[in-house]
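Participant: The structure's right below; bear with me while I get my questions together.
Every number in this text was worked out from the coordinates using simple rules, so none of it is lab data. Quantities reported herein were computed from a predicted structural model and do not represent experimental measurements. Neighbour counts run over all protein chains shown; Cβ positions are idealised from the backbone, glycine included.
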Amino acid sequence: MRRRHITAALAVALSLVAAAPAAADSISYLRDGNIWLTTPDGARQFQVTSTGIYSYASQADDGTFIALTGERLHRLSRDGKVLADFDTPVSDGPKKGPNENYFMGPYEPEISPDGQLVSYSYAWHHERYDYDCKCVRFGTDSGTAISYPDRQTAWEEFGGPLTGWMFGSWMSNDTLLRSYAGRAFAEEAVVNRIGPGKGDDDMIRWLDSTFDMDEVYQFRDGEITRKGDKAAFVSYDVAHHGEPYRTGFNRVRVYRLGGAPPARPESCFYFDGPDTADLMSSPSFSPDGSMLAMQFGGAISIADIPDLSSGCQSPTFFKDLIAGAQPDWGPADVPLPVGPVTEPPKSAPGTATDAAKRPAIGLTLPKRIKLRTALREGIAVTVNSGAAGRVTATAKLKRSKLGSGAAKVGARGKAKVRIRFTPKAARLLHERRSARLTLALRFTPAGGGPSVTRSVSLTLKGH
């Protein structure tokens, strides 16, 4: 079947069509380092935390959260109380220098529907001196590990780490979908049965290089409905049918499932962001599978996903819901506020005008920049906001702020902001062979209006 293409402009037009999300559901999301909740219609928000320390969060069916702060995981109640504070086997602290083997992570902690297990992604950076070439050889391996939600859990309890694929997403309380192996010729998605001692012994290799690879270069961030009848992935697409290459993961594809993996899915349609790297992420189905939330730049959008049991159909509803990041849809309701709302919604959702008013930050990072050059000259980031205003940027290594910059954005909506490093940054980084930094940008429109934030990772290598 011909794949249906839902562009950003068409998506805004479709927002004029009515839809009825389930009233008792909730979508959790992040804003300024805090966890928030919203009803699917955007009518009511609830601020769960106020410490501003969280970079990722997911919710269980009972409304409890697992959240990432630095290299530690917090289990949180619905009102933000920390129920457990623990680290993981990959939480190995600051890196000491070159020729060192170390973990990166944990990333993307996902709590199971029953709240009894947590998956998280990690990367393992390893270096060794090769006496044959008289050089240092290095590599990075990735994977997923399983933890209990209230304590550090040794990998051996679940049979060792699940190697390769990351971006864990729970299909049920004991079944995990993973995608993005980070290796050539690897499958795009696999499914693991999770249990004590299982490890990778019970794994289904699902989507290999023969599936949809005429159009898709890589998949990540996969999600399957609880009924197992639909799937969504963020894709990095190749050029096809005369289209130019797109930049990064900026398309959310929806598939019809005619059976459980390893049965092959049917590609139905996709939601397109602008041709700017990594603006689309975190697809999350509603509990009944009839709606899909996704992150589009600095906003969260929702769309209806029709019944695909008899074949592919196009969605009829799409709207920009609220400013924020990393939506996670669950069946628990949004708590009623116990006092004044500490922050009003940053936009009034539900109209095409509202969606058009909210900008999304497009970024162009330098393709190659050496660590020493960055320390001396800074990092120049090109910002495309589509509107006039002001942009500020910071660079961090874990919790350490290394530098900042700011720039005025003119009427054309484009500007270049240069992040310059502090003397402290030079002391922290001068002996490193590489450094993985987090760049956080905030765009504030001229004349007021909601600010939009965007965070990306950038690895600086060599001297």
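Participant: How do 41-49, 291-299 rank on mean C-beta neighbours within 10 Å, highest first?
Facilitator: Values: 41-49: 19.2, 291-299: 24.8.
Descending packing order for the listed peptides: 291-299, 41-49.
Participant: Turning to a different aspect of this structure: Add +1 for every Lys or Arg and -1 for every Asp or Glu among the other residues with Cβ under 13 Å from the Cβ of residue 151, and state the total. Kindly include the intermediate steps, with their values, before the conclusion.
Facilitator: Values: positive: 72, 75; negative: 85, 87, 150, 157.
Residues near residue 151 contribute -2 overall.
Participant: Which of the aspartates and glutamates could a cross-linker span from residue 198 if the Cα-Cα distance has to be under 12 Å and same-chain partners fewer than 8 positions apart are dropped?
Facilitator: Within the straight-line limit of under 12 Å, residue 198 reaches these aspartates and glutamates: 156, 157, 174.
Participant: Also, quick follow-up: Of all GluC sites (Glu not before Pro) in segment 90-176, which ones are in loop regions per DSSP and have a Cβ with at most 16 other Cβ atoms within 10 Å?
Facilitator: Numbers: sites: 100, 110, 127, 156, 157; in loops: 100.
Counting only loop positions with at most 16 other Cβ atoms within 10 Å, the GluC sites (Glu not before Pro) in segment 90-176 are 100.
Participant: Hey, could you get me the Stokes-Einstein D for segment 83-184, Kirkwood radius over alpha-carbon pairs, 37 °C and 0.692 mPa s, rounded to whole µm² s⁻¹?
Facilitator: Numbers: Rh = 14.8 Å.
The diffusion coefficient I find is 221 µm²/s.
Participant: On to the next question. What does the charge add up to near residue 332, with Lys and Arg as +1, Asp and Glu as -1, over the other residues with Cβ less than 9 Å from its Cβ? Numbers along the way, then the final one.
Facilitator: Values: positive: 78; negative: 25, 61, 62, 333.
With Lys, Arg at +1 and Asp, Glu at -1, the net is -3.
Participant: Please compute the contact order of segment 362-461 in relative form: average sequence separation of alpha-carbon pairs under 8 Å and at least six residues apart, divided by the residue count, as a percent.
Facilitator: On the way: 221 pairs, mean separation 29.0, N = 100.
Relative contact order for segment 362-461 comes out at 29 percent.
Participant: In segment 159-198, which trypsin sites (Lys or Arg not before Pro) are in a loop and have at most 16 other Cβ atoms within 10 Å, using DSSP for the loop call?
Facilitator: On the way: sites: 178, 183, 193, 198; in loops: 183, 198.
Passing sites in segment 159-198 are 183.
Participant: Strictly greater than 16 Å: what percent of every Cα pair in segment 362-461 meets that? Walk me through the numbers before you get to the answer.
Facilitator: Details: 2613 of 4950 pairs.
Every Cα pair in segment 362-461 considered, those over 16 Å come to 53 percent.
Participant: In nm, give the distance between the simple-model label positions of residue 227 and residue 372, each being 7 Å from the Cα along the Cα-to-Cβ direction.
Facilitator: Reported label-point gap for residue 227 and residue 372 is 6.1 nm.
Participant: Right, something else. Given the Cα-Cα distance of residue 86 and residue 263 and 0.36 nm per residue of separation, how much length would full extension add, in nm? Let's see the in-between values first.
Facilitator: Working: separation 177, 0.36 × 177 = 63.72 nm, distance 3.83 nm.
Between residue 86 and residue 263, full extension yields 59.9 nm more.
Participant: Using the structure shown, select from 370/424; 319/398; 370/398 the pairs with a Cα to Cα distance greater than 26 angstrom. All intermediate terms of the calculation are to be shown ahead of the outcome.
Facilitator: Numbers: 370/424 18 Å; 319/398 34 Å; 370/398 19 Å.
Pairs exceeding 26 Å: 319/398.
Participant: Continuing with this model, one more query. Taking a virtual spin label 7 Å from the Cα of residue 307 along the C-beta vector, which residues in segment 279-301 bring their backbone nitrogen under 20 Å of it?
Facilitator: Only 285-292 pass the distance filter.
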